[in-house]
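Just so it is clear, none of the values below were taken in a lab; they were calculated from the coordinates. Just so we're clear, the structure is a prediction, and the values are computed from it rather than from any experiment. For neighbour counting, all protein chains shown are included, and Cβ atoms are generated from backbone atoms with ideal geometry for every residue, glycine included.
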Amino acid sequence: MRWIFVFYVFLTATQMQAQTAIEIIKKADDLMKGESNESVMTMKIIRPTWERSISMKTWNLGSEYSLVLITAPAKEKGQVFLKRKNEMWNYVPSINRMIKLPASMMSQGWMGSDFTNDDLLNESSMVVDYNHKILGNETLAGYDCYVIEMTPKEGSAVVWGKVKKWISKKNYFQLKTEYYDEDFQLVRTETTSDIKKMDDREIPTHFEIIPADAKEQKTQMTIVSIKFKITLTEAFFSQQKMKTIK
């Protein structure tokens, strides 16, 4: 009876921890996305011998609908990327061509950056497609943080074999994320900074990704402006809209 009681207490504690972990991830995810949002962002790709910058507008509705419009530089201006549920599309106006992106391209660098297609178009959901576990607590950049490990659920079509996140306990800022491959080797590290009031909330506005095997290169993303809780419908995220959005 004593063994059964101990096992029950252990099982209950484990279940509570799992619920707590996923709740933390949900709150952190909702802080950055909300139910819907519209943003202006810039991205700088930094390499040992060159740099390039890209500007964009983005629209998101939940985790299933995303639209990204490239506004600069001139060479890529007008390109549009669409995610609609499980389908991904790229419209190239210079050749008037609509390209469907296969799942195999989700791990590839988006626009030549260290961000993947999956990152920018939110193809996989950190809330839905992963199991979550609290590993412990650490102080990072002056914030008391949860350290949460995320492993893919069986059958989930995701890019990463494991993800670790450092999330502040007070504000649910995602301050650091480590991404691992299927062999649990570190692939890249993302950090966030420059916390500002944006619309109705405070969020990190500067993101930096450094590959584990090429630390002399990195990609930086900055949120210039963002509005949450905007009116968007599923119909907005269409191939027709890709050709007319400005």
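Structure summary
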item: Spacing of the two label points (7 Å from each Cα toward its C-beta) at Glu51 and Glu138, in nm; result: 2.8 nm
item: Label point distance in nm, Lys170-Met98, each placed 7 Å from Cα along Cα→Cβ; result: 4.9 nm
item: Relative contact order computed over the chain (Cα-Cα under 8 Å; 6+ residues apart), in percent; result: 20 percent
item: Over the range 2-242 - Rg/Rh using Cα atoms and the Kirkwood inverse-distance radius; result: 0.99
item: Restraint check, Lys153/Lys246; Lys100/Lys176; Lys33/Lys57; Lys26/Lys170; Lys26/Lys196, Cα-Cα greater than 26 Å; result: Lys153/Lys246; Lys100/Lys176
item: DSSP-assigned coil residues among chymotrypsin sites (Phe, Trp or Tyr not before Pro) in the range 138-246, each with at most 13 further Cβ atoms within 10 Å; result: Phe184
item: Charge dipole magnitude, Cβ of K and R +1, D and E -1 - the chain, Cα centre, debye nearest 20; result: 680 debye
item: Low-density loop positions, GluC sites (Glu not before Pro), the range 104-197 - DSSP coil, at most 11 other Cβ in 10 Å; result: Glu154, Glu182
item: Whole-Hz couplings from phi, Karplus 6.51/-1.76/1.60, listed for the range 171-183; x for Gly and Pro; result: 10, 6, 6, 8, 8, 7, 9, 10, 10, 10, 7, 5, 8
item: Extension gain, Asp181 back to Ser225 (0.36 nm per residue minus Cα-Cα distance, nm); result: 12.6 nm
item: All-pairs alpha carbon distance profile, the range 25-89, 5 Å steps from 0, percent; result: 4, 15, 20, 20, 18, 13, 7, 2, 0
